[in-house]
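Report on one structure; see the data block that follows.
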Amino acid sequence: MYNSNSKLRVIIICGIFAAITAILAQIEIPLPIVPISGQTLAVGLTATIIGSRYGAVAMICYALIGAVGLPVFAGFKGGVQVLIGPTGGYIIGFILTAYVTGLILEKTRFTVPMAMIANTIGMFITLIFGATQLKIVLDMTWGQALVTGVYPFIVVGLIKAFLASWLGITVRRRLVQARLITQPIKG
């Protein structure tokens with residue numbers, strides 16, 4: 001992947017995955033406080049396909065694009081108020097989730113079973129960040145934060161972890177075969 005245009009290629013790849021996250025964020029099932037959205041599927045796909053460093057960079061780009069006001073967060077929302085609001089912890093958690101998920105795969109193997117383990121761990125990282133911010137911003141007890149921000153998302157999160165693993169590994173293999181990325185992506 002790395003030739004004279006490598007930096008530009010990395011910027012483009014991170015931008016593409018930030019855009020995919022913005023698009024999937026608009027697929028949502030409304031719930032009272034925290035909607036179920038496609039964002040977490042996008043985070044898992046990103047980390048599974050492009051790995052830890054660039055996955056985290058893509059999520060930083062996504063958060064920054066939303067922070068400046070572009071409507072890239074779930075429900076076509078944007079602005080710093082989303083990041084510091086009740087659901088902002090999930091978005092901030094995407095950064096560490098992408099890094100850890102990608103790192104697990106880089107340290108082991110890019111296979112569907114390993115991706116499922118990595119994406120499941122990533123799911124819980126996102127949920128922990130989200131529940132923590134819910135607790136703080138809405139002055140909830142830990143029990144209330146778990147009932148509101150974790151428990152409703154575990155089953156659907158496992159489904160998204162599977163989809164991210166299966167689709168991510170499939171796409172990654174094709175990109176490696178096409179020599180568009182290396183195994184693993186290294187900077």
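Here are a few things to note about the model shown:
- Flag for Ser37 being crowded, with 16+ Cβ neighbours inside 10 Å and at pLDDT 95 or above: no
- In region 40-63, the qualifying residues are those that are surrounded by fewer than 24 Cβ atoms within 10 Å (Cβ to Cβ) and small (Gly, Ala, Ser), and the one that is nearest to Gly88 (Cα to Cα) is Ala63.
- Filtered residue count, region 1-19, keeping only those that are at pLDDT below 95, of a type in the set (A, V, I, L, M, F, W, C) and out of contact with any Gly (no Cβ under 9 Å at 6 or more places or on another chain): 5
- Whether a residue is within 15 Å of the chain's Cα centre (by Cα), surrounded by 15 or more Cβ atoms within 10 Å (Cβ to Cβ), at pLDDT 95 or above and part of a helix (DSSP H, G or I) was assessed, and Ala161 passes this test.
- Residues in region 115-123 include none that are of a type in the set (S, T, N, Q), at negative phi, free of Cβ contacts under 8 Å to residues at least 40 places away in the same chain and touching a Lys or Arg at 6+ places or on another chain (Cβ under 9 Å).
- Among the residues here, Thr111 does not qualify as out of contact with any Cys (no Cβ under 6 Å at 6 or more places or on another chain), over 20 Å from Thr48 (Cα atoms) and β-branched (Val, Ile, Thr).
- Flag for Gly66 being at pLDDT 95 or above and either under 17 Å from Val171 (Cα atoms) or in contact with a strand residue (DSSP E or B) (Cβ under 8 Å, 6 or more places away or on another chain) (or both): yes
- Count of region 88-110 residues which are over 12 Å from the mean Cα position of the chain (by Cα), more than 13 Å from Leu45 (Cα to Cα) and surrounded by fewer than 22 Cβ atoms within 10 Å (Cβ to Cβ): 6
- Members of region 17-34 found to be in a helix (DSSP H, G or I), surrounded by 14 or more Cβ atoms within 10 Å (Cβ to Cβ) and aliphatic (A, V, I, L, M), listed by number: Ala18, Ala19, Ile20, Ala22, Leu24
- Segments classed as helices (runs of 4 or more DSSP H), wholly inside region 81-156, with at least 2 members that are more than 27 Å from Gly69 (Cβ to Cβ) and of a type in the set (Asp, Glu): none
- Among the residues of region 20-33, those identified as more than 20 Å from Ala98 (Cα to Cα) and at pLDDT 85 or above are Glu28, Ile29.
The values are calculated or read from the model by the stated rules, or taken from the named source; none is laboratory data. The model shown is predicted, which means the values in this text are computed figures rather than measured ones. Using ideal geometry, Cβ is built from the backbone for each residue, glycine included, and neighbour counts are taken over all protein chains shown.
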